[in-house]
Amino acid sequence: MGIEQDSQDLTRVGPGTVMGEFMRQYWIPCIMSSELTPDGAPMRLPIMGEKLIAFRDTSGKVGIIDQKCPHRCASMFLARNEENGLRCVYHGWKFDAEGKCVDMPSVPEGETLKDKIRAKAYKTAERNGLIWVYMGQNQDNPPPLPCIEVTLLPEEELSISMVYRDCNWLQALEGDIDTAHFGFLHAGTLEPDEMDDTHPMYATVVNRMPKYEVADTEWGTSYGAYRPLPQGGIYWRTANFMFPFWTQNPAGKFPTHVHARAWVPIDDDRMMFINVYWKEALNPLNRRGDPKLKDGTVLDQGYKIVNNYQPNGTGWYDRWRLVEVEENDWMIDREAQASGVNYTGLMNIHLQDHAITESMGPITDHASEHLTTADLMIARTRRRVLRAARAYAETGAPPPGTQDPEVFLKSRAGYFVADEGVAWQDAYAENITSVIRPAADIVAVPAE
């Protein structure tokens, strides 16, 4: 198949598409638990090219149903959330969280139509601060929730955030598995002679041309980017793609870097970034710490990790939007950029990634790209995802991880130093034996 067909199959996520049907075989995180309250206002939820309505009923159960009432297609966003169900305000038809019609007060008594009518509803699950939806056809037999380690931890031990992006899910995700950009987009202002060799960014700045090794894994794909250190040893940054849209980045110490990021499609042109961290992994002792120079200067231009949100609204695309958008040029500071105070002029690490991926347009024109050896992880991941998605479409081959959700527990990302001559996967195997496992005693509960 040609590049145009490959691009179509990778990026389109609506019902009936190759990637859309593939992703629907997985549980998809979509809402923070705190966003829905019992008997609270229904919420518009666009996801995977479908427009749905989410609500929490009187007893606390979450329902995710089609926005169209099965009667006359009025929007269930306008419905009353009352007594364990949504009641359409047009004619009073009421549906529970599973889509069952429980009341039809506008229809004469004696008719049995109520027992035959259902709203399209998807299976939901709630775990540790996140609400998940399963959109596959077999709603009676969904797979287990994935055993992604950080999502198994109690909510009070987690930092969870979401960010809306105006771009396709794939180009946003690929920014997280591209380690070569770090030395420019995030650390372009830094110079090696300004930094102490103990600084966590030192190796990245000393050598902005890392070499790569990439591999297919049980959970998806992995890379090891390596640089020799002036004082000896090899500095490795290893990271993962996990099916169907998860990543683990290398920006933390390998033993404690318990985190995962989901790049959830809203539709072909929009996505929601879900960032889940073990709070202990965010401790400066376990991350890069304050980016100080030799003279003790703390760098605060472009090294903050913060999201500046607009107020959440009720529209289809009004959740978790940043203040910095294309219409205001992502609030780029050209003076800071020109003076060298900030390489990009974008004042925040997350915003730098955000602006770059949105600037590519809604969907990257893959035919115009010129990939190099620095893009091996991106090329390998595209191939791995395409093969798995097409295998499911053509033969029904089980999507990786849906039948063995514990496979995701084998993945860990972060940085470490290994002796020269030690192969990447040997160094990974050695380091993985001594990582901290905060979820080791937690048993994952299957979705009901």
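The values are calculated or read from the model by the stated rules, or taken from the named source; none is laboratory data. Since this is a predicted model, take the numbers as computed values, not measurements. Counting neighbours? That spans all protein chains shown, and the Cβs are built from the backbone with ideal geometry, glycine included. Only protein heavy atoms, including side chains, enter the accessible area calculation; ligands, DNA and RNA are left aside. Shrake-Rupley method; radii C 1.70, N 1.55, O 1.52, S 1.80 Å.
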* Residue by residue through the stretch 313-320, which ³J(HN,Hα) values in whole Hz follow from phi under the Karplus form 6.51 cos²θ - 1.76 cosθ + 1.60 (θ = phi - 60°), with glycine and proline marked x? -> x, 10, x, 4, 10, 10, 9, 6
* Structure fact -> Over all pairs of different Cα atoms in the stretch 7-160, the reciprocal of the mean inverse distance gives a Kirkwood radius in Å of 16.5 Å
* Positive minus negative residues near GLU394 (Lys, Arg vs Asp, Glu; Cβ under 13 Å) -> 0
* **Accessible-area composition of the chain, carbon plus sulfur, in percent [1.4 Å probe]** => 50 percent
* Structure fact -> With 0.36 nm assigned to each residue of separation and the Cα-Cα distance removed, LYS114 to ASN141 gains 7.2 nm
* What does the helix-only formula give at 222 nm for the chain: each DSSP H stretch with n ≥ 4 adding -39500 (n - 2.57), the total divided by the residues, and the result rounded to the nearest 500 deg cm²/dmol? -> -4500 deg cm²/dmol
* Relative contact order for the stretch 33-102: what is it in percent, counting Cα pairs under 8 Å that are at least 6 residues apart? -> 25 percent
* To do: Report Rg(Cα)/(2.2 N^0.38 Å) for the stretch 365-448, keeping two decimals.
  => 1.50
* Asked: For the stretch 321-448, what is the charge dipole size about the Cα centre, in debye to the nearest 20, if Lys and Arg each add +1 at the Cβ and Asp and Glu each add -1 at the Cβ?
  -> 520 debye
* To do: Just the ratio, please: alpha-carbon radius of gyration of the stretch 303-418 over 2.2 N^0.38 Å, N its number of residues.
  => 1.46
* Asked: For GLU218, which sequence-distant residues (separation of 5 or more, or a different chain) have an amide H within less than 5 Å of its own amide H, given hydrogens modelled in the peptide plane?
  -> none
* Kindly report the accessible area of the chain per residue (heavy atoms of protein chains, probe 1.4 Å, no ligands, DNA or RNA), in Å². => 44 Å²
* Asked: Each residue of the stretch 227-244 in turn: what ³J(HN,Hα) in whole Hz from Karplus with 6.51, -1.76, 1.60 and θ = phi - 60°, glycine and Pro shown as x?
  -> 9, x, 8, x, 8, x, x, 10, 8, 10, 10, 10, 8, 9, 9, 10, 4, x
* **Computed E for VAL107/ASP269 - FRET, C-beta separation, R0 41 angstrom, nearest 0.05** => 0.50
* Rounded to the nearest 20 Debye, what is the dipole magnitude of the chain about its Cα centre when Lys and Arg each give +1 and Asp and Glu each give -1 at the C-beta? -> 800 debye
* Asked: Taking the Cβ of GLY129 as the center, what net charge do the other residues with Cβ under 13 Å away carry, scoring Lys and Arg +1 and Asp and Glu -1?
  -> -3
* Asked: For the chain, what's the relative contact order in percent, using C-alpha pairs closer than 8 Å and at least 6 residues apart?
  -> 20 percent
* Could you tell me which of the pairs LYS51/LYS114; LYS94/LYS116; LYS123/LYS410; LYS100/LYS123; LYS61/LYS279; LYS253/LYS410 are separated by over 21 angstrom between their Cα atoms in the structure shown? => LYS51/LYS114; LYS123/LYS410; LYS61/LYS279
* If you take the beta carbon distance between GLN403 and ASP39 as r and set R0 to 41 Å, what does 1/(1 + (r/R0)^6) give as a FRET efficiency, to the nearest 0.05? -> 0.65
* To do: Return the aspartates and glutamates within reach of LYS68: Cα separation strictly under 13 angstrom, same-chain partners fewer than 8 residues apart disregarded; answer none if there are no such residues.
  => GLU50
* Taking the stretch 330-420 and dividing mean pair separation by its residue count, relative contact order in percent (alpha carbons under 8 Å, at least six apart) -> 12 percent
* Asked: Only one of the listed values, (i) 23.1; (ii) 55.6; (iii) 37.5, was derived from the coordinates as mean projected area of the Cα convex hull in nm²; which label is it?
  -> (i)
* Along the Cα-to-Cβ line of MET1, 7 Å from the Cα, sits a label point; which residues in the stretch 400-437 have backbone N less than 19 Å from it? -> 400
